[in-house]
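Participant: Sharing a structure below in structure tokens format, with a few things to ask.
What follows draws every value from the coordinates through simple rules; no lab data is involved. Predicted, not measured: the structure shown is a model, and the values here were computed from it. Quick reminder, even Gly has a Cβ in these numbers, built from the backbone with ideal geometry, and neighbours come from all protein chains shown.
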Amino acid sequence: MSPRPKIGLDLASILEVAGILADQHGMQEVTLANLAKKLKIRPPSLYNHFNGLPDLRKKLAIYGLEKLYAELSQAATGASVHDDILAISKAYVSFARKHPGIYEATLLAPDPEDVNVQLAGEKIVDLAVQVLKALDLNEDYTLHAVRGLRSILHGFSALEQRGGFKMSLDLDESLIITIKAFFAGMENIGGR
């Protein structure tokens, strides 16, 4: 018989604490021992929820993807494709700023081919596809646009997190200009 988990200690609350640990100290510090210490429990108790460190990291990646999706979907209001993509872009970068460790976790799933990781990521892709369909691109070009947008947003977020933008220019304005250039490019490239 397995030991019973600590009362009030469910997977969601454990992942929330793991996310805080990641945000404050980076993913390298998200270990079963560090998480147990933060939760004030013994490390073996975590095996009621995880099959080792890779499983913890996989579940934290899914948790992060779901949190990111929630923020992106809330940003997309359906006003216009331009407004929605700009709002989604701002929400994405804001998420990476507020949750640098959780954002890192979304990129470090031990097995990105895991069905649950794929499903969590697909929701984000599907949201972007739905919004970008308003550009009236064919299916392939819409997917190319999703890849391009993700590349822009991840690159921007990664450079910002690593201190790559040292100039005194406003970062949010740089993001807006970059996304507007993305629109202009996608609208002029064809693929209709």
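Participant: How much length, in nm to one decimal, is gained on full extension between residue 130 and residue 77, taken as 0.36 nm per residue of separation minus their Cα-Cα distance?
Facilitator: Taking 0.36 nm per residue and subtracting the Cα distance, the gain is 17.9 nm.
Participant: Can you find, among 20, 86, 75, the residue farthest towards the positive end of the dipole of the chain? Put +1 on the C-beta of Lys and Arg, -1 on that of Asp and Glu.
Facilitator: 20
Participant: Continuing with the same structure: Can you give the Rg to Rh ratio of the stretch 147-192, both from alpha-carbon atoms, with Rh computed by the Kirkwood formula?
Facilitator: Taking Rg over the Kirkwood Rh, I get 1.06.
Participant: Excluding same-chain residues fewer than 8 positions from residue 133, which aspartates and glutamates have a Cα within less than 17 Å of its Cα?
Facilitator: Within reach: 83, 84, 122, 187.
Participant: Mind pulling the angle between the C-alpha long axis of helix 81-98 and the longest principal axis of the chain? Nearest 10 degrees, somewhere in 0 to 90.
Facilitator: It works out to around 30 degrees.
Participant: Let me know the shape class of the stretch 1-117, please: from the alpha-carbon gyration tensor, a ≥ b ≥ c as square roots of the eigenvalues, rounded when a/c is under 1.5, otherwise prolate if a/b is greater than b/c, or oblate.
Facilitator: Here the stretch 1-117 falls in the prolate category.
Participant: Given only helices, namely DSSP H runs of n ≥ 4 each adding -39500 (n - 2.57), what is the per-residue ellipticity at 222 nm of the chain, to the nearest 500 deg cm²/dmol?
Facilitator: -22500 deg cm²/dmol
Participant: As I understand it, the value is the acute angle between the Cα axis of helix 171-188 and the longest principal axis of the Cα atoms of the chain; what does it come to in degrees, rounded to 10?
Facilitator: Compared with the principal axis, the helix lies near 60 degrees.
Participant: Any idea how far apart residue 70 and residue 28 come out in nm if each label point goes 7 Å out from Cα toward Cβ?
Facilitator: Distance between the two pseudo-spin positions: 3.0 nm.
Participant: Let me ask something additional. For q = 0.24, 0.29, 0.31, 0.33 Å⁻¹, what log10 I(q)/I(0) does the stretch 26-75 give under the Debye formula with an equal point scatterer on each alpha carbon and no solvent?
Facilitator: Those come out to -0.87, -1.07, -1.14, -1.20, one per q.
Participant: Can you tell me the dipole magnitude for the chain around its Cα centre, using point charges on the Cβ only (Lys, Arg +1; Asp, Glu -1), in Debye to the nearest 20?
Facilitator: Using only the charged Cβ atoms, the result is roughly 860 debye.
Participant: For the stretch 57-188, what is one quarter of the convex hull surface built on the Cα atoms, given in nm²?
Facilitator: 8.0
Participant: Now for a separate question. Taking Cα centroids, how far is the stretch 41-61 from the stretch 75-135 in Å?
Facilitator: Between the Cα centres of the stretch 41-61 and the stretch 75-135 lies a distance of 25 Å.
Participant: Under 29 Å Cα to Cα from residue 37, which lysines show up? Leave out anything in the same chain fewer than 8 places away.
Facilitator: 6, 58, 59, 67, 98
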